[in-house]
Amino acid sequence: MSAPEQPRIDPALRPRPDDVAYDLERALSSVIALRSQVPEDALTAAMLGTERAGHGVVIDRKGLVLTVGYLVTEAETIWLVDINGRATPGHSLGYDQETGFGLVQSLGQLNLPALELGSSADLGVGDQVILAGYGGAANSVKASVVSKREFAGYWEYVLDEGIFTAPPHPSWGGAALLNAAGQLCGIGSLFVQQALPGERRHDGNLIIPIDLLKPVLEDLKRYGRRQKPARPWLGMITTEVNGALVVAGMVDGGPADRAGVSVGDIVLGVNREPVNDLAVMFRRIWALGPAGTDVPLNLQRNNDQLEVHVQSVSRYDMLKSPRMH
């Protein structure tokens, strides 16, 4: 099992040992390549593919690896590749739907240093950081925090305060965000064109803050998910178009599909409470109760307004469970 080929990064953007006050080579060796294989009939296969590749970060001496959840969700095989090209199998240990973190347990000895967890709350706009991928300094980017703000994703996801960095890393999934002390302050999630607020394009990366991991880490290690009732999930892809919330797609056989929601519907409200952006819509849905709650959606379809009741489910119940090898 070889590591995925990494995109070339402009040498001017790569960090150098003289740029930092910690052992850069040692810190970057904690970032490994991650490859996963997902069954073709998995819920996430159509959207995320069956072969996924990115990065992971060693966070303890027992081979616990932190990554972004979409790389390992429903994975039946996982390979971890270290800086020397040595491959070790891994097991998908946990996934947190709310934050987007994924945990992998190495099934062999990694013999790599573990990165210390830092504080994402202490990162300020303008702070210099490194977004590190597998492959050492040659696959890492000197960046800065350009904003910290709310982020909502069409897949029923909200971060109260995501971290946005620029310039972007070309291979961001699971990359490690390092602060000035070489501590892990977040995990790379997305490439974005609005790293700064407003409509002007400013390319960057969205980073999941590490502070969100700390309250749920033990639950993820022990149970594979946080131990509280799951949020209601509709299986509905919604986008903002010209100030309106438009249903752009649905998971086949998911709750919204079964309830009769149609692509092209405009979401006007949730339980007759008006909604004007994705984050507001998701929070109104989640405020109705746990997974299984009836979710009344107020929709506009062509020139008609109607109310559709969606019987929500837990997304966890729709996912394939990982298998031990």
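The values are calculated or read from the model by the stated rules, or taken from the named source; none is laboratory data. Not measured: the values here are computed from a predicted model. Glycine gets a Cβ as well: all are built from the backbone with ideal geometry, and neighbour counts include every protein chain shown.
Residue under question is residue 132, and the condition is that it be buried (at least 23 other Cβ atoms within 10 Å of the Cβ) and either over 18 Å from residue 195 (Cβ atoms) or among the aliphatic types (A, V, I, L, M) (or both); does it hold?
Details: buried (at least 23 other Cβ atoms within 10 Å of the Cβ): yes; either over 18 Å from residue 195 (Cβ atoms) or among the aliphatic types (A, V, I, L, M) (or both): yes.
The answer is yes for residue 132.
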Of the numbered conditions (1) part of a loop (DSSP other than H, G, I, E, B); (2) within 19 Å of residue 68 (Cα to Cα), residue 141 satisfies every one except a single condition; which is it? (1)
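Looking only at the stretch 172-204, which residues are of a type in the set (S, T, N, Q) and crowded, with 24+ Cβ neighbours inside 10 Å? Step through it out loud before you land on a result.
First, pick out the residues of the stretch 172-204 that are of a type in the set (S, T, N, Q): 179, 183, 189, 193-194.
Across the stretch 172-204, the qualifying residue is only 189.
For the condition surrounded by 14 or more Cβ atoms within 10 Å (Cβ to Cβ), closer than 30 Å to residue 108 by Cβ and among the aliphatic types (A, V, I, L, M), what is the one hit in 288, 319? Before you say what the answer is, go through the steps one by one.
On the way: 288 fails: closer than 30 Å to residue 108 by Cβ.
Of the residues listed, the single one that is surrounded by 14 or more Cβ atoms within 10 Å (Cβ to Cβ), closer than 30 Å to residue 108 by Cβ and among the aliphatic types (A, V, I, L, M) is 319.
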Among strands (runs of 3 or more DSSP E) entirely inside the stretch 1-111, those with 2 or more residues being at pLDDT 95 or above and either in contact with a helix residue (DSSP H, G or I) (Cβ under 6 Å, 6 or more places away or on another chain) or over 23 Å from residue 227 (Cβ atoms) (or both) are 31-37, 51-58, 77-81, 87-95, 101-106
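Scan 60, 10 and give me the residue that is of a type in the set (D, E, K, R) and touching a residue at least 40 places away in the same chain (Cβ under 8 Å). Walk me through how you get there before you give the answer.
Working: 10 fails: touching a residue at least 40 places away in the same chain (Cβ under 8 Å).
Testing whether each residue is of a type in the set (D, E, K, R) and touching a residue at least 40 places away in the same chain (Cβ under 8 Å) leaves just 60.
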For a quick check of your reading of the model, give me the residue pairs whose first member lies in the stretch 18-45 and is farther than 17 Å from residue 133 by Cβ, whose second is at pLDDT below 95 and among the small types (Gly, Ala, Ser), with beta-carbon atoms closer than 8 Å and at least 6 apart or on different chains. 37/75; 38/45; 38/49; 38/75; 39/45
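Quick one: in the stretch 290-323, of everything that is hydrophobic (A, V, I, L, M, F, W, C) and more than 19 Å from residue 271 (Cα to Cα), which residue is farthest from the chain's Cα centre (by Cα)?
318
Condition check ((1) surrounded by 13 or more Cβ atoms within 10 Å (Cβ to Cβ); (2) in contact (Cβ under 8 Å) with a residue 24 or more places away in the chain) across all residues:
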{"residue": "221", "(1), (2)": "yes, yes"}
{"residue": "228", "(1), (2)": "no, no"}
{"residue": "233", "(1), (2)": "yes, yes"}
{"residue": "237", "(1), (2)": "yes, yes"}
{"residue": "246", "(1), (2)": "yes, no"}
{"residue": "253", "(1), (2)": "no, no"}
{"residue": "275", "(1), (2)": "yes, yes"}
{"residue": "306", "(1), (2)": "no, no"}
